[in-house]
Amino acid sequence: MEPVTPALASRIDDVALIDQHVHGCWLTPGDRRRFENALNEANTDPVVGPAFDSQLGFAVRAHCAPVLGLPKHVDPQAYWERRRQLGEAELARLFLPAAHVSDWLVDTGIDGDTADVAGMAEVSGARAHEVVRLEQVAEQAARAPGDYAAAFEEILHRRAAAAVGTKSILAYRGGFDGDLTEPSPAQVAEAASRWRDSGGTRLRDRVLLRFGLHQALRLGKPLQFHVGFGDRDCDLAKANPLYLLDFLRQAADTPIVLLHCYPYEREAGYLAQAFNHVYLDGGLSVTHLGARSPAFIARLLEMAPFGKILYSSDGFGPAELHYLGATLWRRGIHRVLRGFVDDGDWSEADAIRVVELIARDNSARLYGV
Amino acid sequence: MEPVTPALASRIDDVALIDQHVHGCWLTPGDRRRFENALNEANTDPVVGPAFDSQLGFAVRAHCAPVLGLPKHVDPQAYWERRRQLGEAELARLFLPAAHVSDWLVDTGIDGDTADVAGMAEVSGARAHEVVRLEQVAEQAARAPGDYAAAFEEILHRRAAAAVGTKSILAYRGGFDGDLTEPSPAQVAEAASRWRDSGGTRLRDRVLLRFGLHQALRLGKPLQFHVGFGDRDCDLAKANPLYLLDFLRQAADTPIVLLHCYPYEREAGYLAQAFNHVYLDGGLSVTHLGARSPAFIARLLEMAPFGKILYSSDGFGPAELHYLGATLWRRGIHRVLRGFVDDGDWSEADAIRVVELIARDNSARLYGV
Amino acid sequence: MEPVTPALASRIDDVALIDQHVHGCWLTPGDRRRFENALNEANTDPVVGPAFDSQLGFAVRAHCAPVLGLPKHVDPQAYWERRRQLGEAELARLFLPAAHVSDWLVDTGIDGDTADVAGMAEVSGARAHEVVRLEQVAEQAARAPGDYAAAFEEILHRRAAAAVGTKSILAYRGGFDGDLTEPSPAQVAEAASRWRDSGGTRLRDRVLLRFGLHQALRLGKPLQFHVGFGDRDCDLAKANPLYLLDFLRQAADTPIVLLHCYPYEREAGYLAQAFNHVYLDGGLSVTHLGARSPAFIARLLEMAPFGKILYSSDGFGPAELHYLGATLWRRGIHRVLRGFVDDGDWSEADAIRVVELIARDNSARLYGV
């Protein structure tokens, strides 16, 4: 059946996205193992078996291959050879503009051989803005002289002045379950001293994690949380956003953005309905779900008000991921909204408006970009 | 494609529903803010942003507008003006009969300017029956002279004599997680004394909540539980019906009805298969899911035996909600069952019979209406 | 619309399955109550109400009736009469070969009047292999003379020598939540002594359960876990596979197979992506979901790499279940994969290859059958 909604399809195709949570793409060469491991998010070991045999692997072959001049569904060996010939910088120059993103909001908290904020702008020909990771600020404060809390606050304010928001990976550092109130200055000082004595790396101290969150709340810029699906350092059972309930009650007006959310996207949508200041995206989950992403995108459109849903790719490493996030989102939202329109539940004009909200208007308003 | 199952569609259209859990509709005037806040269930603050931009808001514009003589998908401003012109009583006289409900089972436990049981019957031209809220009985017992337990029992029996069942909002008062056994008389007396001393309002004392549940079990009439999705006073993580497991094992033959259930409808369906006396509905969730409600209704039809699934709207306030619950359920069950029939998994006769079970026969048998 | 993928449909029809987790079918007569109770998995009481009124009951009438020469959707009474006339042995000779299974991996841990490994091979004309249940080994060790740990180890090694894997029903004996590290020899000796003194039946002692799991890890053959949906002796809240995280981190290279997984199939798929040695199936869930099984099968194809997904029926008792598992899986995987191919997300050749992986190649490699 021909789509009966060409205006919707056309708007989805041409809307420029704001990718509200992303990391840098690779710019330096790597071997096939590096690439294949990047197709698996959850595993922290070298992946055994054919890494392309997953929804993401199939999506790369279906949707990225044509961008490289290869046939759809090309075999993994041929795909790898073409991408090796081109090199990471050239891949980035192909895939990033093809994502049709006007603004990248770059979480710079992962150390790794990837493009920085300026590099993302340069290689994509679009704007790029920084999102400051709180746990990285903490590690900088641990290395700074003098009082930890003062150092944290100084670094956060300095870095955040040029940034559009902050990000927490509390999900990877013990999870959401448990007390998330603000610790006292004495507790912070004691915890900081203990942490500095033990080396001051890879923050897992709960007191200091809580301290960082409340500093971010005070800053007032949107605070992003990794939620749900990630690598196995994250205990998925403790990354359920419902455990943030008390924290959200304390968060006053600072916007809180729940990222990725799989398999808790329905819980996250409920929180976005329950709190005026809570937002969510599907991020990484859309990319990894490949052919199954429309079902996920549909669930994001359940309880969350449409003014609270954002687009992101969470791309990191292979430039394919920055492109696939956009492509799968466009395909998925079209499938879902076309269905709502065809069934008489939504008007086509409303569907187009909701596309624009999620694709960019909500993020533009939230981050002021 | 024309539906190949006109008999199914026709039976779904004309079956008179038993709305087994509902509240009164508004009968007195209110402003736009009141109406728009009623389109958001989870938020307890005044809603910020365009309240119509949600599945429920879009469903109002799609399915309620025509009942008021407006075009489908009419804009929010025009919708609001028409509903303001008509007034709440007239809206009730339009929407309630249009829901084609033969019996309303009215939970009278919410204080508010809404129709009472007789009012619901009068305005809809249908029968109405009371469901007694246990926490309200508790608050009445707290205000009564003498022994709390005796007062509770007396009030419960008096009120329940004319009622078809009881209802608990334990989900809003601490959740299901934890001990739900019957407390001793001494524990009850002590807890009641403490609660009365502190004012005897908004019961959250676990001992007294447990006491009320076991009194309701003893009564033997169906006991409804709010489960899952509601406003944010309910900690959704603790409203998972699986935490009721031990309580259900104690419940003997008193029917237990799990209401709403989002996002735990699959867990609730499992419990309905596991216990002869457990039932469930989709209630409020169907209304708020709008265009996404068919997927939810489909999941209600997974593990639960078909004799255990009930219809309700949980309508409260705007008469649109009493109507939308019915309309979205009819649309959704048609979509789902037509799919089963078209795929050769169900016969059309079976689909029609299951519609009748859920729409009314299961509730008629359970409540004796 | 005619399926555009006849090669896919044809391969799904003719692929011989490896049923990687199954129990014996009945061979001796029983009454209608026995049969109807077998259509309900979760309830441990005699089922009240029409047992056929469920997805499984409808699936029996739709898909099993034709195998017995009855019309599709035949009424329950006629179905029962035909199956009674034929008798269990004849039913097994009809349904088991019709499942088109080349290898049955039989969990022999349920005592009951069902076919043993040799009986399954004989009645089906296919190969059959044993899976040894750890809790049964424990009960045998409790009855053996001398040191419990040595007896357990000796029995396990002896039985496992001819078996393809082991199985744990920890989900039924306290659940996954809590410590699953290896206990010390002294703890094992003390717990064994206590358990033997109390009768040595129905193992629920956590120390001995943990001991058994670690013995199975040491054995190195695939270790299957009942996960999620089962009867109500299993506290579903504690059968969430995410609680296995720490155990999986300890499991080194021994393959761990998560069975059934409803409603945690997305969590299980995540674990299969996160750990090279974790696998999953949909088992029992597919059978009980009937017309709703395609949606479940689709969710199994989300985060799990395609080399980690296995087919099983978990059939036990009525031979219909051994057949329905296969039939519903074939119908469901066809629906899902045909959708992926029609939407341009997968090639047909890939779809066929994934069918072969799940149907048999993954299990053949994993179990060496």
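The values are calculated or read from the model by the stated rules, or taken from the named source; none is laboratory data. As the structure is a prediction and not an experimental result, all values here were calculated from the model. No Cβ is skipped: glycine too gets one built from the backbone with ideal geometry, and neighbour counts run over all protein chains shown. With ligands, DNA and RNA removed, areas are computed over all heavy atoms of the protein, side chains included. Shrake-Rupley method; radii C 1.70, N 1.55, O 1.52, S 1.80 Å.
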* Would you calculate, for chain B, the mean residue ellipticity at 222 nm contributed by helices, counting each DSSP H stretch of 4 or more residues as -39,500 (n - 2.57) and dividing by all residues, to the nearest 500? => -13500 deg cm²/dmol
* Accessible surface ranking that places the most exposed of A:ASP147, B:ASP53 first, with a 1.4 angstrom probe -> A:ASP147, B:ASP53
* Asked: Just the accessible area for A:THR114, please: 1.4 Å probe, Å², rounded to the nearest 10?
  -> 30 Å²
* Structure fact -> One decimal, nm, nearest first: from A:ARG32 to the same residue in each other copy, label points 7 Å out along Cα→Cβ, the values are 6.3, 6.3
* Asked: Roughly what would the spin-label model give for C:ARG202 and A:ALA150, points 7 Å off Cα along C-beta, in nm?
  -> 6.6 nm
* Between C and B, accessible area buried - total, square angstrom, nearest 100, 1.4 angstrom probe -> 2900 Å²
* Structure fact -> Net charge (Lys, Arg +1; Asp, Glu -1) of residues whose beta-carbon lies under 10 Å from that of C:VAL101, C:VAL101 excluded, is 0
* So what is the relative contact order of segment C:30-86, in percent, for Cα pairs below 8 Å that sit 6 or more residues apart? -> 23 percent
* Asked: How far is helix A:185-197 tilted, in degrees, relative to the longest principal axis of the Cα atoms in chain A, given as a value from 0 to 90 rounded to the nearest 10?
  -> 80 degrees
* **Within straight-line cross-link reach of C:LYS167, aspartates and glutamates at Cα separation under 12 Å, skipping those fewer than 8 residues along the same chain** => C:ASP107, C:GLU130, C:GLU135
* Per residue, what accessible area does segment A:219-363 have, given a 1.4 Å probe and all protein chains present, in Å²? -> 19 Å²
* Gain in length, A:ASP13 to A:ARG335, computed as 0.36 nm per residue apart minus the alpha-carbon separation, to one decimal in nm? -> 114.7 nm
* To do: Provide an ascending nm list, one decimal, of label-point separations from C:ASP111 to the equivalent residue in each further copy; define each label point as 7 Å from Cα along Cα→Cβ.
  => 6.0, 6.0
* To do: Under 14 Å from the Cβ of A:ASP246, count the other residues' Cβ atoms, weight Lys and Arg +1, Asp and Glu -1, and hand me the total.
  => -1
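Other chains' Cβ within 10 Å of A:307-315 residues: what's the mean?
Other-chain Cβ atoms within 10 Å of each residue's Cβ, averaged: 1.
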* To do: Show B:ASP19, C:ASP179 ordered by accessible area, largest first, where the area counts protein heavy atoms only and the probe is 1.4 Å.
  => C:ASP179, B:ASP19
* With DNA, RNA and ligands ignored, accessible area of A:LYS72 (1.4 Å probe; Å², nearest 10) -> 90 Å²
* How many partner chain Cβ atoms sit within 10 Å of a residue's Cβ in peptide C:239-249, on average, as a whole number? -> 2
* Asked: Once both axes come from the Cα atoms, what is the angle between helix B:265-274 and the longest principal axis of chain B, in degrees from 0 to 90, rounded to 10?
  -> 60 degrees
* Structure fact -> When the charge dipole of chain A is computed with +1 at the Cβ of Lys and Arg and -1 at the Cβ of Asp and Glu, the Cα pointing farthest to the positive end, of A:GLY317, A:ALA9, A:LEU242, is that of A:GLY317
* Structure fact -> Taking the label point 7 Å from Cα along the Cα-Cβ vector, the copy-to-copy distances for C:ARG218, listed from shortest in nm with one decimal, are 5.5, 5.5
* Structure fact -> So the angle from the long Cα axis of helix B:319-342 to the longest Cα principal axis of chain B, reported in degrees to the nearest 10, equals 70 degrees
* To do: Considering the rotation that carries chain B onto chain A, locate the chain B residue whose Cβ comes closest to its axis and report the distance in whole Å.
  => B:ALA295, 5
